[in-house]
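The values are calculated or read from the model by the stated rules, or taken from the named source; none is laboratory data. What you see is a predicted model; the values in this text were computed from it and never measured. As a convention, Cβ positions derive from the backbone with ideal geometry for all residues, glycine included, and neighbour counts pool all protein chains shown.
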Amino acid sequence: MIADRIYRFLLHAYPGEFRDEYSRDLVQLFRDNLRDSGVLGTWLLALNDLIRTAPAQHFDILRRDLKSAIRYFAAHPGFALVAILSLALGLGANTAIFSLLNATLYNDLPVRDPHQLVSIARGGLGDAPPFSYPDYLDLRAGATSFSDLIFHSDVYTLKFGRGAETEAAGSEFVSPNYFETLGVSAALGRTFVTSDAREPVVILSDALWRRRFAADPSVLGRQIRVNGADLTVIGIAPASFHGVLVPWSTAAWLPIELLPRLVEEDAAVLTSRFSDCCGVIGRLKPGVSRAQAQAEIAVLGRQLAAANPRPRADRRERGWGELHLASMQGVVPQFVRARMAMLLAILMTIATLVLLIACANVANLLLARVAERRAEIGIRLAIGARRGRLIRQLLTECALLTFIAAIATLFLATQGPRAIAAFSPYVIDAHLDLKVFGFAALGAILTTLAFGLAPALEASRTDLVSALKENRRTGARAGRFGFTSALVVAQVAASFALLTGAGLAARSFWTLSGAYPGFDPSHAFLLRFDLGSKHWNAAQQGVFLDNLLGRVDGIAGVRSESLTTHAPLEIVAQSAPLELEDDAGQVWLDAVRSRYFETLSIPMIAGRPIEDRDRANSALVAVVNTTLARRIWEGENPVGQEIRLGGATRTVVGVVATVKHRFASEEPAPVAYIPLSQAPATDLRLVVRTLADPSNVIAPVLAEFQSLDPDIPVVQVQTMAEHTAASLGPQRSTAGLISLFAILSLALASVGIFGVIAHSVSRRTHEIGIRMAMGAHRRDVVRMVVGQSLTLATIGIAIGALVALGAARFLKGLLYGIGPADPFTFVTIALVWFAVAALAAWLPALRAARVDPLIALRCE
Amino acid sequence: MTHESFLPLTPAVFHILLALADEDRHGYAIMQEVLRRAGITLGPGTLYGTIKRLLADGLIAELGDRPDPDNDRRRYYRLTALGRRVTSAEARRMAELVRVSRRKHLLEPAR
């Protein structure tokens, strides 16, 4: 009967066990009903009943399986602990990295309706913020698609506080409608209103408020010193809000019209049509589509360009009038996002490898367990249990392991990113959201299948007769050990590849930190200060600096001292266009005082250094480094040549050695040094070479500085050794993170190899007993067991080395001073792995050697 | 486990036990008895899901020898001694409830 057959098919909704027991009766009942109650009534009843009772039956089985799993784990706590720990570490590493990835790449700004926000971009431009203030005012007046347009500056480093208490922190200058349009209200106090446009007021970020003012609410209404001006604190931003330039953090927000007052060199910034200091963000009016806004903004852009033609010399002219809407992520320069994405992608790959190693571990543990439970499984099969039912039970056990591990994972996923973010110069607001949660859940399911399916299938393949006949110790078939070994080999290979990656990164870091930066960082220190708030003219400033250098020179323990606008290994540096007859380019430009090269021990190659006789009104001169000299005057003597730098012609008076200019791993960079007196600046570094330990001289120098003028903000004081070490921060954290994961993989894989060898020994007790009865020595047994481990390790290392060589080119960007196939790293890691493999086999080997042949043979 | 710990019984369980109280029956017979006496239609899954649990709890047992030789493909069930005690305990519990309801004048004929 067809109805019968349909009903019989529908019964598959029930668990197999229930079906086996009752499907005949259920179908019989269905038939009886059909006969007595008619077609419609029977079907209604049957379907309704099926939907209600099938889940209950499944749940019942789940409950029983969980109960037995818990009993099993309680009886084997060591196994459960190792399995859960492996999984938690593997899953936790992945979830933590994903949550970072999620926070940096996909998180919306914590503002009202973030999807209504668009950034307005200009065609043909790279990362530079594309709008001038007059542009913005015209756009705001003309555009009708937006409920409002915001103007925000790039991050400016401002000096908060005075004297030695000064802190430099990145801040945004913004139009007064900034907070209101974003829909961010103050956590304390108020945000800007239109009348604040010119007022000396400031809104602090939560972080700055906590750091500098210990979260004291009474700071509201108080005046604080910012770049020498007194500003009134009117509000504190919410803790979740870091500005629109995330992942760059903003410490404070100031009205845009304060920009020319606080930042000296940008005095004309708001009036010039061509001072493209800032970005424009719009909030679309409700009901206005992106396409409409895009069309309108394109027209406005062409009008702007037509009304304000750019000077021809402006190389960015191309595409100037082409305005378009961009996503808010466009506010952050592409290179920042790309760099973070690459690093996170590498970390994600590594974390996935670690998880796979963990899975292989647990799979191996489970396979060993399956071998031990073979007799139990055989009996259950013999009394009629279905294979599917057994697979289900084993997978339930696996799911329970993963579930417990996942709870630990969520802890790692909240704490891990915070720890990693602490390394990062960027704001990463990682938190658990649905995406992270979903990722962890999906990861847990895939993980369960990855490590659970093979053992479960293996278990259910148990052959009834042999399982019951076999002794538990010799229970495994020969083929199974092959699979287990393959898993271990894969673990060793993955771990080896990871370790070499970590080794390469670590060695790069050591090479970098050991590499001579071109100047002598020992016995020297650096004091960064800012004269901007003094509003001195060049002459007044010169007097102060002469005075300062004279006083510092008199302090005991000081050997020499000088001033510069940029110290070596500072990532932010000034560059100037270099004009050559047949070439153009950028050259880094440092303005220095006399004795600069002497103070940093930068060798003079030819000519003379910058000296006191180079004054504002004397001939314009420059000292070039060897890299620049080679580039322009290859084979000629540069001294006496002329060079056009930033619009001025200078005579080269000397050549110095090339130092690491901005970071340790850079290619030699062309640098020109010019007299500070010929290019006055306010953001300066006092560099001091000392006779002995520089830390003893810092305090007297600082005291002298304060006595000269207690008001000048001292932004930073550190020894050159500290400064050099700090410049390696990114490399250190990269190498550290990769090493952390690699060591984790080593630990997991060594547990794996230990487990397999130990299990194999316990299974081969009988065989070992026979060998010893036949005259084998203990030494031979130990050698045999350790040899087995080393064989697995060797195969794993060989495969791992191939993988590492294949993958190393992705690491190239992180390497310095060594090739991706660095033999030292590979050999060292291989030796480490051999040692680990031998060690992991040692305990099982000793146990094997203690086998008493009599007992081993009798226990059969 | 005392028989008290099974109480109160779900309606499906109680009806099935009641159906088996006077006679050993097969599934369909139980279903019809419940329908006839209580007007409740037990679905197949509900019936056998409950039977499975009652078997596991030892309240009913499957008959080895079939009372009806014509129908030997069907499985017959009988109340165990424990099942009988549980059923009568549930019946007493209900009787007590009826007594209370009567005292509170809840059982007077509807006006």
Could you say whether any residue in the range A:665-675 is in contact with a strand residue (DSSP E or B) (Cβ under 9 Å, 6 or more places away or on another chain) and of a type in the set (S, T, N, Q)? no
Can you find a residue in the range A:268-277 that is touching a Ser or Thr at 6+ places or on another chain (Cβ under 9 Å) and surrounded by 23 or more Cβ atoms within 10 Å (Cβ to Cβ)? yes
Hey, any hits in the range A:564-583 for a residue that's at pLDDT 95 or above, in a strand (DSSP E or B) and buried (at least 18 other Cβ atoms within 10 Å of the Cβ)? yes
Being in contact with an Asp or Glu (Cβ under 6 Å, 6 or more places away or on another chain), at pLDDT below 90 and in a helix (DSSP H, G or I) is the filter here, so list the residues in the range A:525-557 that pass it. A:Gly532
Can you pull out every residue in the range A:364-378 that is in a helix (DSSP H, G or I) and either among the charged types (D, E, K, R) or under 30 Å from the mean Cα position of the chain (by Cα) (or both)? A:Arg369, A:Glu372, A:Arg374, A:Glu376
Subset of the range B:38-52, residues modelled with pLDDT under 90 and either more than 7 Å from every other protein chain (Cβ to nearest Cβ) or in contact with a strand residue (DSSP E or B) (Cβ under 8 Å, 6 or more places away or on another chain) (or both), comes to B:Ala38, B:Gly39, B:Ile40, B:Leu42
Scope the range A:584-626; condition in a loop (DSSP other than H, G, I, E, B) and in contact with a Phe, Trp or Tyr (Cβ under 9 Å, 6 or more places away or on another chain); matching residues: A:Ser601, A:Ile602, A:Pro603, A:Pro609, A:Ile610
Take the range A:1-60 and flag every residue that is surrounded by fewer than 19 Cβ atoms within 10 Å (Cβ to Cβ), within 10 Å of chain B (Cβ to nearest Cβ) and not in a helix (DSSP H, G or I). none
Please verify whether A:Gly769 is assigned to a helix (DSSP H, G or I) and either within 20 Å of A:Ser495 (Cα to Cα) or at pLDDT 80 or above (or both), treating the condition exactly as stated. yes
Please identify the pairs in which a residue from the range A:606-617 that is touching a residue at least 12 places away in the same chain (Cβ under 8 Å) and more than 14 Å from A:Ala591 (Cβ to Cβ) has its Cβ atom under 8 Å from the Cβ atom of a residue that is acidic (Asp, Glu) and surrounded by 14 or more Cβ atoms within 10 Å (Cβ to Cβ), counting only partners at least 6 apart or on another chain. none
From the list A:Ala83, A:Ala69, A:Ala96, A:Ala74, which residue is touching an Asp or Glu at 6+ places or on another chain (Cβ under 6 Å), more than 14 Å from chain B (Cβ to nearest Cβ) and in a helix (DSSP H, G or I)? A:Ala69
Restricting the range B:20-34 to residues that are hydrophobic (A, V, I, L, M, F, W, C) and away from chain A (no Cβ under 14 Å), the one surrounded by the fewest Cβ atoms within 10 Å (Cβ to Cβ) turns out to be B:Ala21
Please specify each residue of the range A:627-678 satisfying the condition of being in a loop (DSSP other than H, G, I, E, B), in contact (Cβ under 8 Å) with a residue 12 or more places away in the chain and charged (D, E, K, R). A:Lys660, A:Arg662
